[in-house]
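Below is one structure; the comments refer to it alone.
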Amino acid sequence: MACSRRSFFRLIGAVSLAGSTAAWRTASAAELGAAAAYEVVHSDAEWHKLLTEAQYRVLRDAGTERPFSSPLNDEHRAGTFACAGCALPLFSSKTKFDSGTGWPSFWQPLDHAVITHTDKSFGMTRDEVLCRRCGSHLGHVFDDGPKPTGLRYCMNGLALTFAPASRGTS
């Protein structure tokens with residue numbers, strides 16, 4: 001039976017009640033608490049109906065698409081990037097930059113659009129970026145971005161949609 005990383009964290013949360021390490025307990029408790037507070041909640045079957053298989057793998061199973069595979073990596077028009085799971089606006093095109101990594105990158109999200117979670121998978125510690133409204137996995141944030149924030153929000157294109165700005169706006 002395949003086990004997603006998200007399911008794995010939930011399992012670790014349950015194990016932590018029996019005395020697992022404090023670091024795992026903190027991360028899992030935060031994730032479990034946040035899941036109950038999301039504004040947009042769907043059953044697993046509903047998510048499967050709403051998303052493509054590839055989107056589901058990224059948004060719900062915290063997967064990663066291949067670098068340089070998303071058309072949004074080369075999107076340079078003015079507009080807004082939103083969550084592919086719930087349509088919450090996440091990033092302005094004004095904060096997008098070419099990081100050279102092969103994933104759409106931004107130096108700042110829109111206000112109250114994302115939350116972060118400590119991700120200790122694959123033997124490293126990173127800051128996972130989640131949609132604030134539905135909890136979908138978007139990517140990770142790193143501290144090697146450009147000014148003014150110095151941050152690089154490295155997002156999966158499959159986790160995003162793009163809406164061009166209407167004429168007369170920037």
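Structure notes:
- Among the residues listed as Pro71, Pro148, the single one being in contact (Cβ under 8 Å) with a residue 12 or more places away in the chain and in contact with a helix residue (DSSP H, G or I) (Cβ under 8 Å, 6 or more places away or on another chain): Pro71
- Count of region 109-143 residues which are assigned to a loop (DSSP other than H, G, I, E, B), over 16 Å from Gly157 (Cα atoms) and at pLDDT 95 or above: 9
- Residues of region 74-107 that are aliphatic (A, V, I, L, M) and in contact (Cβ under 8 Å) with a residue 60 or more places away in the chain: Ala78, Ala82, Ala84, Ala87, Leu90.
- Subset of region 81-119 [surrounded by 15 or more Cβ atoms within 10 Å (Cβ to Cβ), of a type outside the set (S, T, N, Q) and more than 15 Å from the chain's Cα centre (by Cα)]: Lys96, Gly102
- Checking Ala163 against (1) out of contact with any helix residue (DSSP H, G or I) (no Cβ under 6 Å at 6 or more places or on another chain); (2) under 21 Å from Arg66 (Cβ atoms), the condition it does not meet: (2)
- Filtered residues of region 47-71 (kept if surrounded by fewer than 19 Cβ atoms within 10 Å (Cβ to Cβ) and assigned to a helix (DSSP H, G or I)): Trp47, His48, Lys49, Leu50, Glu53, Ala54, Arg57, Pro71
- Residue match in region 40-62 (condition: modelled with pLDDT of 50 or more, hydroxyl-bearing (Ser, Thr, Tyr), out of contact with any Ser or Thr (no Cβ under 6 Å at 6 or more places or on another chain) and closer than 24 Å to Trp103 by Cα): yes
- Residue match in region 64-77 (condition: modelled with pLDDT of 95 or more, under 12 Å from the mean Cα position of the chain (by Cα), closer than 17 Å to Cys154 by Cβ and not acidic (Asp, Glu)): yes
- Residue check, Val129 closer than 23 Å to Asp44 by Cα, touching a Gly at 6+ places or on another chain (Cβ under 8 Å) and either exposed (fewer than 15 other Cβ atoms within 10 Å of the Cβ) or among the β-branched types (Val, Ile, Thr) (or both): yes
The values are calculated or read from the model by the stated rules, or taken from the named source; none is laboratory data. Bear in mind that the values here come from a model prediction, so they are computed numbers and not experimental data. With ideal geometry, Cβ positions are generated from the backbone for all residues, glycine too; neighbour counts draw on all protein chains shown.
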